[in-house]
Amino acid sequence: MRIDITVNGASQRHDVEPRTLLVQYLRDAAGLTGTKVGCDTSSCGACTVLVDGESVKSCTMLAAQADGSEITTIEGLARGDDLHPVQTAFHEEHALQCGFCTAGMVMATVSLLDEIPNPSERDVRLGLEGNLCRCTGYHNIVRAVLAAAEARR
Amino acid sequence: MIPAPFDYVRASSADEAIAALAEHGDEAKLLAGGMSLLPLMKLRLATPAMLVDVGRVRELSYVRDAGDHIEVGALTRHRDLETNDVLAAHCPPLRTVASEVGDNQVRHRGTIGGSVSHGDPASDLPALLLALDAAFVVRGPVGERTVSATEFFRGFLETVLEPDELLTEIRVPKAPEAGFSYQKFQRRAQDWAIVGAMAVRNGGTRVALVNMGGTPLRAVAVEEALTSGASIEEAAQHAADGTDPSGDINATPEYREHLARVLVRRALDAASG
């Protein structure tokens, strides 16, 4: 089937099988490998992208369901050399160790701060419950999210 | 993990979806947010030949004040429930429990009707709708029928829905002042409840259990004990009466029975506070 999806501002048209998952579409058809496949069971959040501005686990959505939608992946956040404030905060607060969960954490954070611009630490921990970091670097991640919220004010 | 091949059609209205179901019979499955069905399809535990995507049927996404009850469109997302002002004023428990489902990403996609139709005894919302005495409006090729929450859930992942029927609306009695608590016991924040217990105190007391059998359950023995004047502590001892919990990697049946007694006591205490 043919789908039309806007990815990071660019319109794309592809023929896909109905069973194509959004994450496969992004990595294989659109060539954007910043979005990771982690657990592949919608537990870990490594594959989180924005669909029409809201965080979604792209391993548990069909590309067909995203037909006509606007997708933002980690590649779509920076403006040229200027990192997105959430990326900057993750960098400055050292909110990563191995980095595998980071793209998903950043995308989940962008969506969270859109919904809760001034989160408490508890809001952040609850808001990121769908993202797992197996290096268990949560403290710095929470610090980064709070710093990003501060920077956006 | 990739689902087995299937054909896909997108419905733009409830009637279009029902027509597609009628055409394809029990080879077809409805797809709403996909938060329950797609994981099953990826594990190949479900292999429908045809998916009828109702995810964009906007006419079934609403929360309306209907006098003594609230009408919720089946395709209303958890995210839209947890932020809804009508529910804040007239049915806070539904807002609270919607906010406990999965995680943010799941709540951005998952729908109340999808959760109810899936009929998973480990899900949060079916047990709440049982406790609140909700009714479900079901539409098929020959018209509509209304089924009470008590009659709707028949067994593990089994409801009264026929293959050509679509759940369109959930009707929830208003409970603006109800004392309420949901005690959800889980290993990780986003997980399904290993066991969950809800108490609604609104004049009488209703108690519902998550994951204590093949369907969501009312803890009838607890409710009866309270009616006969038992204390919360005494009544909660009956929480596992008449239940049939399964054993799995997370818990033995005996441990689930223990959890039910503890969580019902906590829920009753918190709902009475």
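The values are calculated or read from the model by the stated rules, or taken from the named source; none is laboratory data. The structure presented is a predicted model; accordingly, all values stated were derived computationally and were not measured. Backbone-built Cβ (ideal geometry, glycine too); neighbour counts: all protein chains shown. Surface areas here come from the heavy atoms of the whole protein model, side chains and all, with no ligands, DNA or RNA. Shrake-Rupley method; radii C 1.70, N 1.55, O 1.52, S 1.80 Å.
Computed values, structure above
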item: Of all residues making up segment B:178-192, the number that are under 24 Å from A:Val124 (Cβ atoms) and at pLDDT 95 or above; result: 4
item: Among (1) touching a His at 6+ places or on another chain (Cβ under 6 Å); (2) surrounded by fewer than 16 Cβ atoms within 10 Å (Cβ to Cβ), the one test that A:Val56 misses; result: (2)
item: Enumeration of residues in segment A:113-145 that are touching a strand residue (DSSP E or B) at 6+ places or on another chain (Cβ under 9 Å), buried (at least 23 other Cβ atoms within 10 Å of the Cβ) and either without any contact (Cβ under 8 Å) to a residue 24 or more places away in the chain or not small (Gly, Ala, Ser) (or both); result: A:Asn131
item: Residue within segment B:60-69 that is at pLDDT below 95 and not in a loop (DSSP other than H, G, I, E, B) present; result: no
item: Subset of segment B:111-141 (residues that are aliphatic (A, V, I, L, M) and in contact with a Leu (Cβ under 7 Å, 6 or more places away or on another chain)); result: B:Ile112, B:Val116, B:Ala127, B:Leu128, B:Val138
item: Complete set of residues in segment B:5-34 that are open to solvent by less than 40 Å² (accessible area, probe 1.4 Å), within 14 Å of chain A (Cβ to nearest Cβ) and in contact with a helix residue (DSSP H, G or I) (Cβ under 7 Å, 6 or more places away or on another chain); result: B:Tyr8, B:Ala11, B:Ala28, B:Leu31, B:Ala32, B:Gly33, B:Gly34
item: Condition check for B:Arg206: of a type outside the set (Asp, Glu), within 14 Å of chain A (Cβ to nearest Cβ) and either open to solvent by 40 Å² or more (accessible area, probe 1.4 Å) or under 12 Å from B:Leu130 (Cα atoms) (or both); result: no
item: Pairs with Cβ under 6 Å, 6+ apart, first in segment B:135-158 and basic (Lys, Arg), second assigned to a strand (DSSP E or B); result: B:Arg139/B:Leu166; B:Arg139/B:Thr168; B:Arg145/B:Val138
item: Unique match (being free of Cβ contacts under 8 Å to residues at least 12 places away in the same chain and within 30 Å of B:His108 (Cα to Cα)) among B:Arg206, B:Arg171, B:Arg188; result: B:Arg188
item: Tally, over segment B:85-122, of residues that are more than 23 Å from A:Val51 (Cβ to Cβ) and touching a helix residue (DSSP H, G or I) at 6+ places or on another chain (Cβ under 9 Å); result: 11
item: Single match in A:Leu128, A:Leu50, A:Leu62, A:Leu112 (criterion: touching a Leu at 6+ places or on another chain (Cβ under 8 Å), within 13 Å of chain B (Cβ to nearest Cβ) and under 27 Å from B:Phe6 (Cα atoms)); result: A:Leu62
item: Any hit, segment B:42-56, residues being part of a helix (DSSP H, G or I), out of contact with any Phe, Trp or Tyr (no Cβ under 6 Å at 6 or more places or on another chain), facing chain A (nearest Cβ under 9 Å) and open to solvent by less than 40 Å² (accessible area, probe 1.4 Å); result: yes
item: Counted residues, segment B:79-92 - those being more than 13 Å from chain A (Cβ to nearest Cβ), part of a helix (DSSP H, G or I) and open to solvent by 10 Å² or more (accessible area, probe 1.4 Å); result: 6
item: Lone qualifier among A:Gly68, A:Gly99 - being assigned to a loop (DSSP other than H, G, I, E, B) and in contact (Cβ under 8 Å) with a residue 40 or more places away in the chain; result: A:Gly68
item: Members of segment A:25-45 found to be within 11 Å of another protein chain (Cβ to nearest Cβ), surrounded by 24 or more Cβ atoms within 10 Å (Cβ to Cβ) and modelled with pLDDT of 95 or more, listed by number; result: A:Gly45
item: Set A:Val49, A:Val7, A:Val110: member being closer than 16 Å to B:His108 by Cα, touching a strand residue (DSSP E or B) at 6+ places or on another chain (Cβ under 6 Å) and not hydroxyl-bearing (Ser, Thr, Tyr); result: A:Val49
item: Residue selected from segment B:93-133 under the condition in contact with a Gly (Cβ under 7 Å, 6 or more places away or on another chain) and β-branched (Val, Ile, Thr), by the criterion surrounded by the most Cβ atoms within 10 Å (Cβ to Cβ); result: B:Thr111
item: Some residue of segment A:14-24 being open to solvent by 50 Å² or more (accessible area, probe 1.4 Å), in contact (Cβ under 8 Å) with a residue 40 or more places away in the chain, of a type outside the set (Phe, Trp, Tyr) and in contact with a Cys (Cβ under 8 Å, 6 or more places away or on another chain); result: no
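A quick yes/no check of all residues on (1) open to solvent by less than 30 Å² (accessible area, probe 1.4 Å); (2) away from chain A (no Cβ under 14 Å); (3) out of contact with any helix residue (DSSP H, G or I) (no Cβ under 9 Å at 6 or more places or on another chain); (4) under 30 Å from B:Gly25 (Cα atoms):
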{"position": "B:Ala135", "(1), (2), (3), (4)": "yes, yes, no, yes"}
{"position": "B:Thr168", "(1), (2), (3), (4)": "yes, yes, no, yes"}
{"position": "B:Ser181", "(1), (2), (3), (4)": "yes, yes, no, no"}
{"position": "B:Arg188", "(1), (2), (3), (4)": "no, no, yes, no"}
